[in-house]
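The values are calculated or read from the model by the stated rules, or taken from the named source; none is laboratory data. Fair warning: this is a prediction, and the values are worked out from it, not measured in the lab. Positions of Cβ are backbone-derived with ideal geometry, glycine not excepted, and every protein chain shown enters the neighbour counts. What goes into the accessible areas is simple: the full protein's heavy atoms, side chains included, and nothing from ligands, DNA or RNA. Shrake-Rupley method; radii C 1.70, N 1.55, O 1.52, S 1.80 Å.
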Amino acid sequence: EVQLVESGGGLVQAGGSLRLSCVASGFTFDDYVIGWFRQAPGKEREGISCISALDGRTYYADSVKGRFTISNDNAKNTLYLQMSSLKPEDTAVYYCKADVQWNVLGTMYYWGQGTQVTVSS
């Protein structure tokens, strides 16, 4: 059964760094696109970054480009988001999402439960 579990959130001062992790089970990293979303209070959920398991192609939203780095460890089925130069506006619940291409089912979408990141000024 496909599961995504995020961790690594917490409280950090502006300018600091934090690394989020997403442990995936039920599929392998070479069969999907996986990435991070975030949702701040009163705001819509927005895409932050994603990576393709097929070719390693990455995407970053303009708001985080140059500050955040996405990576994955296939041996541990774990996705990471290294966040640096954090700003108060980065405060949000961060979610892991996977778009999985199954042989017979086609593409299906899976979400983690989220982890809270709070950046103080």
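Sub-6 Å Cβ pairs linking a first residue in region 100-121 that is farther than 27 Å from residue 54 by Cβ and of a type in the set (Ser, Thr, Tyr) to a second residue that is assigned to a loop (DSSP other than H, G, I, E, B) and open to solvent by less than 70 Å² (accessible area, probe 1.4 Å), at least 6 apart or interchain, are 118/91; 121/14, ordered by first then second residue. Checking 48, 34 one by one, the residue that is out of contact with any Asp or Glu (no Cβ under 9 Å at 6 or more places or on another chain) and of a type in the set (A, V, I, L, M) is 48 and no other. For region 1-27, the set of residues classified as open to solvent by less than 70 Å² (accessible area, probe 1.4 Å), under 16 Å from residue 108 (Cβ atoms) and polar (S, T, N, Q) consists of 25 only. Looking at region 38-74, which of the residues that are within 10 Å of the chain's Cα centre (by Cα) and small (Gly, Ala, Ser) is least open to solvent (accessible area, probe 1.4 Å)? Per the stated criteria, the residue is 49. On inspection, residue 23 fails the criterion of being more than 20 Å from residue 112 (Cα to Cα) and assigned to a strand (DSSP E or B). Within region 81-121, if we keep just the residues that are open to solvent by less than 60 Å² (accessible area, probe 1.4 Å) and among the polar types (S, T, N, Q), the residue that is nearest to residue 4 (Cα to Cα) turns out to be 115.
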